């Protein structure tokens, strides 16, 4: 085997867990939709669609937390500076939690702007607002999870990231079924399950 073939094999070993971990997110959205589609109302389904769109848009802007952490951690790992890795993690988590708290503080303007841009029935919008009001409280943890993912990628622990992603998504699915189905909470139950997981 040539050196380039060995390098491609090494890249594939690092890449496949990331590909699977990234594909778990849309699958979770499909599961949320399936759960609410079978156990909730049409208003709940519309609210989940609105909420998912809003949070995908808002959180997409914070992808730098994952990518920045990945790059800095990989650099520190390359020079075997474990103190710097801990420092990067601390700074990144502080930034993520702070930004998450800012999102919570700005939830009313975010809600006003986003719902003004979306057009749905009054019932769907009311349910979506309830979904939003619950789900926004998960912002600090969600942004911190971006940092955690960046740390694991930077350390080359992609399989661990995949395992954690699958565990958290599985937990979210179970909580969705319990809250939305078992307790009859509808879209609010989906939001609560997402915040807890």
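None of the figures in this text is laboratory data; all of them are computed from the coordinates on show. Just so it is clear, the model here is predicted, and its values are computed rather than measured. Cβ coordinates were reconstructed from backbone atoms using ideal geometry, including for glycine residues, and neighbour counts include every protein chain displayed.
Quick notes on this one:
- Length-normalised contact order for the chain - Cα pairs under 8 Å, 6+ apart - percent: 35
- Each pair of Cα atoms in region 138-190 enters the Kirkwood radius, and Stokes-Einstein at 10 °C and 1.306 mPa s then converts it into a translational diffusion coefficient of 129 µm²/s.
- The chain: angle of helix 3-39 to the longest principal axis, Cα-based, in degrees nearest 10: 10
- Fewest-first ranking of 35, 97, using other Cβ atoms within 10 Å as the exposure measure: 97, 35
- Think of it as helices only: each DSSP H run of n ≥ 4 in the chain is worth -39500 (n - 2.57), and spread over all residues that comes to -28500 deg cm²/dmol at 222 nm.
- Protection proxy ranking for 48-55, 147-154, using the average of other Cβ atoms within 10 Å per residue and placing the highest first: 147-154, 48-55.
- For region 58-173, fraction of C-alpha pairs farther apart than 20 Å, in %: 52
- With Cα atoms, 0 to 90° folded angle of helix 122-135 axis to the chain main axis: 40
- Taking 0.890 mPa s as the viscosity and 25 °C as the temperature, the Stokes-Einstein diffusion coefficient of the chain based on its alpha-carbon Kirkwood radius rounds to 136 µm²/s.
- Burial order of peptide ranges 157-170, 102-115 (average beta-carbon count within 10 Å, highest first): 157-170, 102-115
- For the pair residue 108 and residue 178, the difference between a 0.36 nm per residue extended length and the Cα-Cα distance amounts to 22.3 nm.
- In terms of other Cβ atoms within 10 Å, 8, 59, 131 run from fewest to most in the order 8, 59, 131.
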